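K.L.:
For reference, the structure I am asking about is given below.
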Amino acid sequence: MSKANVKLQLTFDLDVAAPERLLELDHESLCKTFSEILGSMVFQGLPTVAGKQLAKAGASIAAHHYHLSATSLAARPLEREALIAAAPHLTDDELEQLARNAQGKLPETPEELQRHLRRHALKLVSDYRMLPCTVAAKLSSGTPAQLEGKLNLTNGSVLIGERDRQSRLQANQGAIVVEPVGTGVRLEAACAGHTLSGPVIEVSVAQLASHRDPLIEAWQRT
């Protein structure tokens, strides 16, 4: 077979009047359903027909692949605030992708909707997105201390640096302050105990969402 030296892209946008039951599917299921419906008749048929036409000019198809995407035009629009509340660790482009992926039959209550969006967000991006930070807290002796660590924007956990891992914090001391370096942001956190990796410091997703823009901007600069 001849080596390819031209990439030819053919794009068709098909506006489909689909049964109501298909509109209840999320993005992934909707794409899978249409892929199964179209099948080899379309995905193999187009290259076959195109190959015959190209042969008239002495050209041939060396390889081919297809991309399928389906978006419900009747889907309920998702507010940016709702997306950020569930997934403050995502970039702007990823928030748009989350809005597409999570579509389908959406939960009615805000709490259920947030859990629904959170599941899809972690399916989209679950890797750690870390920012250097300082943690202001009281040691078990009552002495104020500033610990060094890294804040995980994906789940709000703080990984304490090696220098301070042996520190033990005072129980029931109230809010602990976490300051991601270079953001001007002060986050309230809590200590959930101690492990071999140091104090277990946790920032709520709601706290991250309240300061999402400067946190993401700082993470993108790292």
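The values are calculated or read from the model by the stated rules, or taken from the named source; none is laboratory data. Since the structure is predicted, the reported quantities are computational estimates derived from the model, not experimental observations. Please note: Cβ atoms are built from the backbone with ideal geometry, for glycine as well, and neighbour counts cover all protein chains shown. Protein only, heavy atoms only, side chains kept; ligands, DNA and RNA dropped before computing areas. Shrake-Rupley method; radii C 1.70, N 1.55, O 1.52, S 1.80 Å.
K.L.:
Of all residues in the range 110-138, which are under 26 Å from GLY184 (Cβ atoms) and open to solvent by 30 Å² or more (accessible area, probe 1.4 Å)?
P.N.:
ASP127, TYR128, MET130, PRO132, THR134, ALA136, LYS138
K.L.:
Would you mind finding the one in LEU95, LEU106 that is in contact with a Lys or Arg (Cβ under 8 Å, 6 or more places away or on another chain), in a loop (DSSP other than H, G, I, E, B) and either surrounded by 12 or more Cβ atoms within 10 Å (Cβ to Cβ) or among the polar types (S, T, N, Q) (or both)?
P.N.:
One residue alone meets the criteria, LEU106.
K.L.:
I'd like the full set of residues that are free of Cβ contacts under 8 Å to residues at least 40 places away in the same chain and either among the aliphatic types (A, V, I, L, M) or in a helix (DSSP H, G or I) (or both), limited to the range 131-141.
P.N.:
Within the range 131-141, just LEU139 meets the criteria.
K.L.:
Moving on to the next point. Residues ALA55, ALA17: which one is without any contact (Cβ under 8 Å) to a residue 12 or more places away in the chain and open to solvent by 100 Å² or more (accessible area, probe 1.4 Å)?
P.N.:
ALA17
K.L.:
Any idea which of ALA74, ALA70 is in contact with a Cys (Cβ under 6 Å, 6 or more places away or on another chain) and either modelled with pLDDT under 90 or part of a loop (DSSP other than H, G, I, E, B) (or both)?
P.N.:
ALA70
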